[in-house]
Every structure is written in structure tokens, then in C-alpha cells.
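Here's the structure, in C-alpha cells; my notes come after.
The values are calculated or read from the model by the stated rules, or taken from the named source; none is laboratory data. In this text, all values refer to a predicted model and were calculated from it rather than measured experimentally. Positions of Cβ are backbone-derived with ideal geometry, glycine not excepted, and every protein chain shown enters the neighbour counts.
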Amino acid sequence: MSRQELRAYILAHREDDEAIEALIGRGNPNRPTYPFPETNEDLREMEEILKKRIGSSGEAV
């Protein structure tokens, strides 16, 4: 079942907790993925990405 089909099923069967958990478990396919930092330069780059992400969301650390 595709993500769209599962979402449509859940909208029609909101009491099906197992289906809701399956959808949540699949995660968001559009979210960006970042490789694990392997060097110090990679780590610095990841820190910059995280600082930008936190700063743009308006959340305090």
C-alpha cells in the first residue's frame, strides 16, 4: 500500500490505531537526510546546518 493509499485509508478509518502507527513509522519521505559526519570538516558542516535549522525555527536551545 502506498503512503497516499494508507493516508486515505486512515482518513476513512480513524479508529484503526495499527494503520496510524504504520503511517507514522514510515516517516516523511520528503525530509532531507544528512550523512553521519566522518571527518572534523563534516562535523563542522553539520554543526552549521543544525545552527541554521534551530535559528530558523525560532526555538531556544
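Descriptive notes on the structure:
- Among the residues listed as 38, 15, 47, the single one being more than 30 Å from residue 4 (Cα to Cα), charged (D, E, K, R), out of contact with any Phe, Trp or Tyr (no Cβ under 9 Å at 6 or more places or on another chain) and outside any helix (DSSP H, G or I): 38
- Residue match in region 1-9 (condition: of a type in the set (A, V, I, L, M, F, W, C), outside any helix (DSSP H, G or I) and under 21 Å from the mean Cα position of the chain (by Cα)): yes
- The residues of region 11-23 that are of a type in the set (A, V, I, L, M, F, W, C) and exposed (fewer than 10 other Cβ atoms within 10 Å of the Cβ), listed by number, are 11, 12.
- Hey, residue 8 surrounded by 11 or more Cβ atoms within 10 Å (Cβ to Cβ), among the hydrophobic types (A, V, I, L, M, F, W, C) and in contact with a Leu (Cβ under 9 Å, 6 or more places away or on another chain) or not: no
- Assessment of region 29-36 against the conditions (among the hydroxyl-bearing types (Ser, Thr, Tyr), modelled with pLDDT of 85 or more, within 19 Å of the chain's Cα centre (by Cα) and surrounded by fewer than 10 Cβ atoms within 10 Å (Cβ to Cβ)) yields no matching residue.
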